[in-house]
Structure formats: structure tokens, C-alpha cells
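J.: Just passing along the structure, written as C-alpha cells.
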Amino acid sequence: MSPPLQVGVQIRPNHAPWGALREAWRSADQMGADSIWTFDHFFPIDGDLDGSSFECWTMLGAMAELTTRASIGALVTCYGYRNPDLLADMARTVDHAADGRLVLGLGSGWLARDYHDYGFAMPGDGDRIREMEAAIPRIRRRLGHLNPPPIGSVPLLIGGLGERLTLRVTARHADLWNGWGTPDEIRHLNKVIDNHCHDVGRDPGEVVRTVALFEPGADADYDEYVRAGAQHLILVASGPDHQIDHLQGLLRWRDERNTDREEL
């Protein structure tokens, strides 16, 4: 039997006071979301680009304590903002706060303002992806040396669309992939990942396919994403109200489809 479909929400920390974020995390967890995510940017990436925002990993520590069932993580952490060994230690600590529910989302970064305003060097696109891949063994090695170790397995999610480099790194290292686009685009990207997996001698079924949905309307065809290979749909919700009510419809769809699968 196919694994059950999952549904999550990325609650962006843009344009919202702390209390609103806290309530959004709690609401999504209580509603039954399978995953709750934030992002790793130092500034908003929608609306007023000089508006309010909060830092990713201190926020994840708070999210861990305020939720009880959903997996949590960042879509995605930029490898270059923190020493890889430090990032592993941070992930281990948050995993304990979350009772083993952390997913380590990793990406190569893209927003120049994040790099420049915080004093980080910003290599070219290809170099960033290669440096991200080089960081992964360090992260995993440090996770294996920490005392106490993580509670959970700390699965690695890699986010991105680059077919030649990012998706090949995904095939080599990731437990989950996160992408976005139309169902046809997702179908194509999933085939690229499958081919890279075959090239590196890995079963494509080992990489869970997650898809970010940016403001889907009421007529969004979630089933078409599943036919395109998606296994975990993630609603992207930005402040100040985060539109958590949109999550409810997606959760109903999940439960109906999973019931149908059980009956087959």
C-alpha cells in the first residue's frame, strides 16, 4: 500500500507579531497538520520588504515547545549562515525540544540581501550548491558525535529546482525534497530526481516528494499534484493572519484521500 498522503503548512514570520505566530503554530498543530515550517530569511520576502520578521532557529525552538504532533522545520535553512557543526548542534537541541519531530531542511540560499546585510560572502549559484553538499557530511558526522544524540532521525530535506546540481544533490543525500510549480512542472522535476537516483544507485522511492503550494485557490486540483508524484503538500501562509482556515480544506482533502486508499 502507498504511504498516506501528508499535509503541512509553512507559517512565514513576515508581518506578524509573536503572539500571532504562536497562535498559528498551535492552531495548525491542533487541526492535525502533519508538518509545520518556517523559513530562513532575515527579512520579509513578500509584502513590505522592510516589514517585521523573526530569525529562524530561535523561532523553531519556541515552535518545538508549543506543538505536540506535527513535524517541524525550515523550508529551508541556508547552509551558509551557520557553521555546519553548529547547525547540527542547533538541530539536535531543537529535536530534543520537539521530542524527535525535527526535519532538517537545507538549501543553498538565494536572497542577496540576507547575505550582504548580515556580512556573509555570497558565492555564485553553482559554488553555493557545491558548498551545501560539502556541508552535509559535516552535519551528519557532528550529529553522530553529540551527547546526547538527537531523539529522532533528523531526516534531511533539500529544497530547490535546479535540475543539474540541486536535484542531483537531492538524489545523493536527501530523505525528502521540496519543490514548487504547476503539476506538470512537478511531474517533470520528479522524473529528473528519479533519473539522478538511478544514476547514483539509489531507489527513487527513498526520497519523499513535498510540494509547496503558494496561495492555492478554492479550485486547486490537489489530486493532480498527487498524480504528478507529490506525497506531502505544504500550504504557504504569510502574515499577518496566515489564512490558517485554508489549511482546513486541505486537511479534509487529505483525510478523504487516505480513507479512499485504505479501502482499495
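The values are calculated or read from the model by the stated rules, or taken from the named source; none is laboratory data. Note that the coordinates shown come from a computational prediction; the quantities given were computed from them, not determined experimentally. Using ideal geometry, Cβ is built from the backbone for each residue, glycine included, and neighbour counts are taken over all protein chains shown.
J.: Got at least one residue in region 31-45 being more than 20 Å from VAL9 (Cβ to Cβ) and either modelled with pLDDT of 95 or more or crowded, with 23+ Cβ neighbours inside 10 Å (or both)?
T.: Going residue by residue through region 31-45, those that are more than 20 Å from VAL9 (Cβ to Cβ) are 42-43.
Applying the additional criterion that residues be either modelled with pLDDT of 95 or more or crowded, with 23+ Cβ neighbours inside 10 Å (or both) yields 42-43.
Yes - at least one qualifying residue is present in region 31-45.
J.: Another one. Among the residues of region 1-57, count how many are in a helix (DSSP H, G or I), out of contact with any His (no Cβ under 6 Å at 6 or more places or on another chain) and in contact (Cβ under 8 Å) with a residue 12 or more places away in the chain.
T.: Of the residues in region 1-57, the ones in a helix (DSSP H, G or I) are 18-31, 56-57.
Filter once more, so that each one left must be out of contact with any His (no Cβ under 6 Å at 6 or more places or on another chain): 18-23, 25-31, 56-57.
Cutting the leftovers down to in contact (Cβ under 8 Å) with a residue 12 or more places away in the chain gives us 18, 20-22, 25-29, 31, 56-57.
The total comes to 12.
J.: Sticking with this structure for a sec: Any idea which residue in region 43-95 is nearest to GLY179 (Cα to Cα), counting only those that are more than 15 Å from the chain's Cα centre (by Cα) and hydroxyl-bearing (Ser, Thr, Tyr)?
T.: Per the criteria, the residue is TYR81.
J.: Starting from residues that are hydroxyl-bearing (Ser, Thr, Tyr) and in contact (Cβ under 8 Å) with a residue 24 or more places away in the chain, keep the ones in region 58-98 and report whichever is surrounded by the most Cβ atoms within 10 Å (Cβ to Cβ).
T.: If we filter region 58-98 for residues that are hydroxyl-bearing (Ser, Thr, Tyr), which is where we start, we get 58, 67-68, 71, 77, 79, 81, 93.
Next, only the ones that are in contact (Cβ under 8 Å) with a residue 24 or more places away in the chain stay: 67-68, 71, 77, 79, 81, 93.
Numbers: THR67: 20, THR68: 12, SER71: 22, THR77: 26, TYR79: 24, TYR81: 18, THR93: 18.
Taking the candidates together, the pick is THR77.
J.: Next up: Please return the ranges of helices (runs of 4 or more DSSP H) entirely within region 149-235 where 3 or more residues are closer than 20 Å to GLU133 by Cβ and of a type outside the set (Gly, Ala, Ser). Spell out the reasoning first.
T.: Values: elements: 166-173, 183-199, 222-227.
By residue number, 166-173, 183-199.
J.: I've got another one for you. Say whether the condition of being over 25 Å from GLN243 (Cβ atoms), polar (S, T, N, Q), touching a residue at least 12 places away in the same chain (Cβ under 8 Å) and crowded, with 20+ Cβ neighbours inside 10 Å is met by at least one residue in region 99-115.
T.: There is at least one residue in region 99-115 that is over 25 Å from GLN243 (Cβ atoms), polar (S, T, N, Q), touching a residue at least 12 places away in the same chain (Cβ under 8 Å) and crowded, with 20+ Cβ neighbours inside 10 Å.
J.: Could you go through region 178-200 and let me know if any residue there is buried (at least 16 other Cβ atoms within 10 Å of the Cβ) and within 25 Å of ASP99 (Cβ to Cβ).
T.: Yes.
J.: Which ones in region 137-175 are more than 23 Å from PHE39 (Cβ to Cβ), surrounded by 15 or more Cβ atoms within 10 Å (Cβ to Cβ) and among the small types (Gly, Ala, Ser)?
T.: ALA171
Rundown of residues vs (1) in contact (Cβ under 8 Å) with a residue 24 or more places away in the chain; (2) closer than 23 Å to ASP40 by Cβ; (3) in contact with a helix residue (DSSP H, G or I) (Cβ under 9 Å, 6 or more places away or on another chain), yes/no style:
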| position | (1), (2), (3) |
| --- | --- |
| GLY160 | yes, yes, yes |
| LEU165 | yes, yes, yes |
| ASN178 | yes, yes, no |
| ARG187 | yes, no, yes |
| ASN190 | yes, no, yes |
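J.: Every residue in region 228-264 that is surrounded by fewer than 18 Cβ atoms within 10 Å (Cβ to Cβ) and of a type in the set (Ser, Thr, Tyr), please.
T.: If the condition is that a residue be surrounded by fewer than 18 Cβ atoms within 10 Å (Cβ to Cβ) and of a type in the set (Ser, Thr, Tyr), then THR259 is the only one that fits.
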